[in-house]
Amino acid sequence: MKVGIGAAAAAVSALAAVAVRDLLQRDHALLRNFPVIGHGRYLIEAIGPELRQYVVAGNNEERPFTRDQRRWVYASAKKENNYFGFGTDNDIEYTAGYPIIKHRTFGRAVPQSAPAAGYEASVPCAKVLGAARGRARAFRPSSVVNISGMSYGSLSGNAIEALNKGAALAGCLQNTGEGGLSPYHRHGGDLVFQIGTAYFGCRDEHGRFDLQRLKDLVAGAPVRALEIKLSQGAKPSLGGLLPGAKVSAKIAATRGITQGVDCVSPSRHAEFSDTDSLLDWVELLAAETGLPVGIKSAVGDLDFWDELTSLMATTGRGVDFVTIDGGEGGTGAAPLIFTDTVSLPFQVGFARVYAMFAQRGLHEQVVFIGAGKLGLPDNAVVAFALGCDIVNVAREAMLAIGCVQAQKCHTDTCPTGVATQNPWLTRGLDPTLKSVRAANYIKTLRRDLLKVAEACGVEHPGLIDTGSVEILDGRTAATGLDEVYGYQPGWGLPSEADRSTITELMHATEPQGGTAPPSRSAMP
């Protein structure tokens with residue numbers, strides 16, 4: 001009895017102390033007016049995303065990824081049943097802009113009927129990366145789905161390791177992000193090394209780009225290509241900041257910076273100042289390393305792309321690949337105005353850039369990579385129809401290894417250990433287990449893309465054309481994808497030679513389906 005009374009007295013005293021503090025403080029009017037109980041408002045705000053996801057929001061209301069989308073990723077990552085019953089939750093009839101994929105009754109591709117068909121299929125890129133410009137280390141990417149650039153520092157070491165091991169299991173590429181090539185990137189997965197404005201991992205003690213350090217780095221790691229990051233969907237045309245508190249010894253060693261000191265990424269590159277000097281630098285990197293070299297950018301003003309394609313068409317210099325990130329993409333934190341309204345959404349931005357390459361006859365010489373919520377099959381199919389050869393996945397890959405969309409990536413308090421450097425939180429993420437889930441997700445997405453391609457009558461996602469997609473204008477009308485974005489006949493597809501080669505490759509590795517035995521009446 002005395003213990004209970006003592007505990008109650010202590011609780012009352014604590015509440016009284018909180019009440020007195022609330023009444024005396026001047027920072028929060030809510031707490032001065034409603035001491036103690038006013039804290040409930042801040043608690044609810046803190047767990048608002050979780051409440052909406054699991055209690056309040058409908059299956060298709062939550063953003064950036066709906067509950068249905070997350071369920072599909074989670075089930076795919078766990079290799080569980082990812083089918084949905086009782087029809088679609090989407091309001092198809094009244095949703096303008098909704099894509100409809102048009103299947104063919106009779107196509108040259110005959111899908112297999114088994115539910116697991118295509119899961120272990122090889123789905124390589126329809127183009128050889130670097131071949132058009134004769135790069136010494138040109139190669140055909142073995143997967144049309146790859147892991148997008150996410151830096152060690154933004155993501156935990158365990159998360160990077162899980163993604164790298166997953167890339168090895170799935171046979172796909174992992175982009176390092178601009179934060180350098182860490183020990184966590186060295187677990188078997190092939191890499192695309194991203195070079196940002198701070199030249200992390202290939203800079204000297206003054207922060208200047210160091211070509212020899214880059215050459216030494218790529219010589220000692222499974223780097224297959226170089227990507228020059230101009231901007232991204234999360235923070236287009238902005239630099240970045242990694243607070244000193246997050247700059248651990250491993251991050252400092254990976255990036256070539258000082259431990260415990262704020263790490264600033266400038267908003268512009270120092271090695272080039274215009275499109276012409278950018279192409280000079282691209283050719284220098286390609287000549288010195290032998291690797292294919294590309295650029296990554298969100299799309300805003302089109303003058304840059306006009307000048308780039310003009311110079312490529314007239315000077316003999318050029319990029320081997322172009323990664324277009326949509327304004328709806330981005331794993332990093334940014335000011336709300338940039339997140340919400342700066343840079344074009346993927347489809348609009350990509351279509352405009354692709355058209356410039358196509359108008360100058362360059363589209364068959366460049367590998368186009370798309371990013372920005374393309375880790376969902378419907379979005380990815382539209383991207384392939386518009387001319388993507390590869391899609392990169394970022395947040396969807398994070399979901400596959402445990403992210404719950406808590407939207408705390410920028411606070412260092414990610415509850416699942418994905419986007420934090422907090423040792424207690426990161427210890428909960430098992431890289432070996434989560435790598436299998438990352439691989440399962442990538443294989444499932446590839447399988448779904450392959451099955452949709454076959455339903456459209458072709459053998460490979462890269463062969464889906466704009467004629468296979470219509471965009472709903474409302475309940476009673478739809479417009480072809482080519483008409484929506486002003487595509488000319490043949491745009492969005494690889495060259496005839498590449499189409500022929502990838503068709504042969506798919507026939508050699510992926511068996512076709514069949515039909516039921518004909519009835520007696522059908523027999524001659």
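Considering only beta bridges that DSSP places wholly inside the chain, some 25 percent are antiparallel.
Assuming R0 = 45 Å, what is the FRET efficiency of residue 213 and residue 21, from their Cβ-Cβ distance, to the nearest 0.05? It comes to 0.25. Reducing segment 66-138 and segment 372-433 to their Cα centroids gives an inter-centroid distance of 18 Å.
Between residue 258 and residue 473, the contour length at 0.36 nm per residue exceeds the alpha carbon distance by 72.0 nm. Taking 7 Å steps out from each Cα toward its Cβ at residue 142 and residue 495 produces label points 2.5 nm apart.
Would segment 332-422 count as rounded, prolate or oblate if I go by the C-alpha gyration tensor, calling it rounded below 1.5 in a/c and otherwise prolate when a/b exceeds b/c, oblate otherwise?
prolate
In plain terms, the chain from residue 424 to residue 276 could stretch by 48.5 nm, reckoned as 0.36 nm per residue minus the Cα-Cα distance.
Carbon and sulfur: what percent of the chain's accessible surface (1.4 Å probe)?
55
Normalised per residue, the accessible area of the chain is 45 Å², obtained with a 1.4 Å probe and no contribution from ligands, DNA or RNA. Mean separation of Cα pairs under 8 Å and 6 or more residues apart, divided by the residue count, gives the chain a relative contact order of 20 percent. Count Lys and Arg as plus one, Asp and Glu as minus one, and take only other residues whose Cβ is under 11 Å from that of residue 481; the net charge is then -3. Within a straight-line Cα-Cα reach of under 20 Å, residue 102 can be paired with the following lysines, leaving aside sequence neighbours fewer than 8 residues apart in one chain: 451. Using a cutoff of 8 angstrom between alpha carbon atoms and counting only pairs six or more residues apart, the relative contact order for segment 316-450 works out to 21 percent.
Residue order by solvent-accessible surface for 148, 519 is 519, 148, largest first, with ligands and nucleic acids left out and a 1.4 Å probe. For the chain, what is the mean residue ellipticity at 222 nm derived from helices alone (per DSSP H run of n ≥ 4: -39500 (n - 2.57); sum divided by total residues; nearest 500 deg cm²/dmol)? Rounded to the nearest 500, the figure is -11000 deg cm²/dmol.
Here the spin labels are modelled as points 7 Å beyond Cα on the Cα-Cβ line, and at residue 306 and residue 14 they lie 6.6 nm apart. The Rg/Rh ratio of the chain, with both radii computed over alpha carbons and Rh defined as the Kirkwood radius, is 1.02.
Other residues whose C-beta falls under 12 angstrom from the C-beta of residue 492 contribute a net charge of -3, scoring Lys and Arg +1 and Asp and Glu -1. List residues of segment 99-134, by number, whose backbone nitrogen lies under 15 Å from a label position 7 Å along Cα→C-beta of residue 79. Once the point is set 7 Å along Cα→Cβ of residue 79, 116-121 turn out to lie under 15 Å by backbone N, inside segment 99-134. Please state the shape class of segment 119-196: rounded when a/c is under 1.5, otherwise prolate if a/b exceeds b/c and oblate if not, all from the C-alpha gyration tensor. In terms of gyration-tensor shape, oblate. Note on segment 117-248: antiparallel DSSP beta bridges, both residues inside, total approximately 15 percent of the bridges counted.
Beyond 22 Å in Cα-Cα separation lie the following of the pairs 127/165; 246/373; 79/434: 127/165; 246/373.
Under 12 Å from the Cβ of residue 501, count the other residues' Cβ atoms, weight Lys and Arg +1, Asp and Glu -1, and hand me the total.
Cβ neighbours under 12 Å give a net charge of -1.
Label-to-label distance for residue 364 and residue 93 is 4.6 nm, based on points extended 7 Å past Cα in the beta-carbon direction. Calculate the FRET efficiency for residue 7 and residue 245 from the Cβ-Cβ distance with a Förster distance of 41 Å, rounded to the nearest 0.05. Taking R0 as 41 Å, the efficiency between residue 7 and residue 245 is 0.65.
Stretching residue 108 away from residue 33 to a fully extended chain increases their span by 19.8 nm, per 0.36 nm per residue minus the current alpha-carbon distance.
The values are calculated or read from the model by the stated rules, or taken from the named source; none is laboratory data. In this text the structure is predicted, and so the values were computed from the model without any measurement. Please note: Cβ atoms are built from the backbone with ideal geometry, for glycine as well, and neighbour counts cover all protein chains shown. Quick note on the areas: whole protein, heavy atoms, side chains included, nothing else; ligands and nucleic acids left out. Shrake-Rupley method; radii C 1.70, N 1.55, O 1.52, S 1.80 Å.
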